[in-house]
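Down below is the structure, laid out as structure tokens.
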Amino acid sequence: MLDVAIIGGGPAGLTAGLYAVRGGGNVCLYEEMFAGGQIVKTHRIDNFPGISDGPDGYALAARFEEHAAAFGLKIEYGAVSELDLTGDPKRFVFNGKTIEAKTVILATGASPRTLGIPGEKELTGHGVSYCATCDGAFYKNRTATVIGGGDTAISDALYLAKLCKQVYVVHRRDELRASAILADAAKKTANITFLWNSVPEAFLGEKKLSGIRIKNRVTGELCDLPTDGAFVAVGVVPRTELFSDQVALAENGSVLTGEHMETNLPGVFAAGDVRNTPLRQVVTACADGAIAATYALEAARVK
Ligand code: NAP
């Protein structure tokens, strides 16, 4: 039986794995597709202490994975299902096999929030995207529009401005949420134009995106903005579908944790973007992972 099963291989899960193996536990990390989580979609990470060369998220994720594996972390790839966190031991099915663990760390991260407007579903993959790093190159020398005013939106706009002829940023207020360093850089970039107090009402186009219907929230005016690509960056939604009926969640849908990353269920911990964290950064996800692993190992040892 495992001492600690970690579900999710982003920065929180990989750091939890590193700490748990270094702490001498029998540990395995279960990742759906590939390690790294949301950071693999990030083109430059400038605020992880000690790494000032601004690696892309994919490269940083690879370093995290190599580091944890070098200390003996076992990582298995595939789907987790039938998770039972209420019993003792904890059980779930992984690639058709039942896994038992004394403790579980939930590190399933978050996925991009959708807008829920007409045309969004139909045109996703045909001009509408949630990942500028993945799809930005399709819009080289063309026009792209980013929706949102947070760190993701503004770093996406800066990235796209290097590739595209013109970038629009559509934001629902007249002030950005993004950190000052990103906001200042975007405002100084000649080919970035802001559409303030504006919200998208519909994505336009038959088989591919041709534009966005935008409403000005102050004047009520509607306009159709022609654009080749739309990048939706309006925040994230915690990924709790595997266990939302078992673990206590906060109002915003994230997992409620205490300062040891413990959930309401004994032996179950949560770390990173899936939990009710005040700051979703790589460094805070890593810190969560370290704390969760420390207390999961402690809990496993008294069982
Ligand atoms: P975020 O900080 O939650 O920002 C979401 C943005 O989308 C906000 O500007 C919000 O507007 C807007 N928005 C939300 N719902 C909307 C809707 N239905 N329609 C239109 N606009 C909507 O999300 P994020 O930018 O993805 O960042 C998530 C976390 O990752 C944050 O903690 C962020 O700091 C972190 N992150 C950091 C970096 C970095 O370089 N350090 C890079 C990426 C992400 P309001 O401002 O009006 O609420």
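The values are calculated or read from the model by the stated rules, or taken from the named source; none is laboratory data. Every value quoted in this text rests on a predicted model; they were computed, and no experiment measured them. In this analysis, Cβ positions are derived from the backbone assuming ideal geometry, glycine residues included, and neighbour counts consider all displayed protein chains. What goes into the accessible areas is simple: the full protein's heavy atoms, side chains included, and nothing from ligands, DNA or RNA. Shrake-Rupley method; radii C 1.70, N 1.55, O 1.52, S 1.80 Å.
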**Q.** Residue tally, condition part of a loop (DSSP other than H, G, I, E, B) and at negative phi, over segment 108-119
**A.** 6
Q. Looking only at segment 85-116, which residues are open to solvent by 60 Å² or more (accessible area, probe 1.4 Å) and more than 30 Å from ARG213 (Cα to Cα)?
A. THR86, ASP88, ARG91, ASN95, GLY96, LYS97, THR98, GLU100
**Q.** Every residue from segment 263-282 that is open to solvent by 70 Å² or more (accessible area, probe 1.4 Å) and away from the ligand (no atom under 16 Å from the Cβ)
**A.** ASN264, PRO266
Q) Quick one: how many residues across segment 251-263 are in a loop (DSSP other than H, G, I, E, B) and acidic (Asp, Glu)? A) 2
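What strands (runs of 3 or more DSSP E) lie completely within segment 49-107 and have 3 or more residues being of a type outside the set (A, V, I, L, M, F, W, C) and either more than 19 Å from MET33 (Cα to Cα) or not assigned by TED's automatic domain parsing to the domain that holds GLY23 (or both)? Step through it out loud before you land on a result.
Details: elements: 74-77, 80-84, 90-94, 97-106.
Output list reads 97-106.
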(Q) Pairs needed: first member in segment 267-293, assigned to a strand (DSSP E or B); second member anywhere, open to solvent by 20 Å² or more (accessible area, probe 1.4 Å) and more than 14 Å from the ligand (Cβ to nearest atom); C-beta distance under 7 Å; at least 6 residues apart or different chains. (A) PHE269/GLU262; PHE269/TYR295; ALA270/THR257; ARG275/THR257
Q. What about ALA300, is it touching a helix residue (DSSP H, G or I) at 6+ places or on another chain (Cβ under 8 Å) and open to solvent by less than 10 Å² (accessible area, probe 1.4 Å)?
A. no
Q. What are the residue pairs meeting all of these: first residue in segment 108-119, first residue more than 20 Å from PHE243 (Cβ to Cβ), second residue open to solvent by 50 Å² or more (accessible area, probe 1.4 Å) and more than 11 Å from the ligand (Cβ to nearest atom), Cβ atoms under 9 Å, and 6 or more apart or on different chains?
A. THR114/LYS121; THR114/THR124; ILE117/ARG213; PRO118/ARG213; GLY119/ARG213
Q. Restricting attention to segment 30-42, does a residue exist that is assigned by TED's automatic domain parsing to the domain that holds ILE291, at pLDDT 95 or above and open to solvent by less than 40 Å² (accessible area, probe 1.4 Å)?
A. yes
Q) Out of segment 221-250, which residues are part of a loop (DSSP other than H, G, I, E, B), within 21 Å of ALA285 (Cβ to Cβ) and either in contact with a strand residue (DSSP E or B) (Cβ under 8 Å, 6 or more places away or on another chain) or within 16 Å of the ligand (Cβ to nearest atom) (or both)? A) ALA233, VAL234, GLY235, ARG239, THR240, LEU242, PHE243, VAL247, ALA248, ALA250
Q. Condition test on ILE192, is it within 19 Å of the chain's Cα centre (by Cα), of a type in the set (Val, Ile, Thr) and open to solvent by less than 40 Å² (accessible area, probe 1.4 Å)?
A. no
Q: Would you check if there is a residue in segment 255-262 being at pLDDT 95 or above, more than 30 Å from ARG63 (Cα to Cα) and surrounded by fewer than 20 Cβ atoms within 10 Å (Cβ to Cβ)?
A: no
